[in-house]
1. State which residue is nearest to Pro3 (Cα to Cα) when the search covers only the range 46-64 and only residues that are of a type in the set (S, T, N, Q) and open to solvent by 60 Å² or more (accessible area, probe 1.4 Å).
2. Within the range 13-45, which residues are β-branched (Val, Ile, Thr), open to solvent by less than 90 Å² (accessible area, probe 1.4 Å) and under 17 Å from Ile57 (Cα atoms)?
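The values are calculated or read from the model by the stated rules, or taken from the named source; none is laboratory data. The shown structure was predicted, so the numbers you read here are calculated from the model rather than taken from an experiment. Accessible surface is based on the protein model in full, side chains and every heavy atom, while ligands, DNA and RNA are left aside. Shrake-Rupley method; radii C 1.70, N 1.55, O 1.52, S 1.80 Å.
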Amino acid sequence: MPPLAALTEGGFSIVDAVASATAVAARACALAEVTGGLEPGLAADTLISDGNLETDITALQPKAPPGHIL
């Protein structure tokens with residue numbers, strides 16, 4: 001089971017599980033002023049998913065190997 005899915009199985013909300021991998025992790029590593037959120041001036045990566053992350057944590061899991069990476 002992927003780590004974020006394991007967190008939701010353990011009782012975390014999807015929002016809290018994603019935050020644990022982003023903003024919370026950045027704060028824990030003393031990097032909150034550099035990364036951890038989508039805010040002006042912060043380094044960030046974004047992703048596109050064909051699923052609904054608000055209702056399905058597995059939307060972050062790859063369904064098949066990527067054909068093209070942009």
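1. Selected residue: Gln61.
2. Passing the criteria: Ile14, Val18, Thr22.
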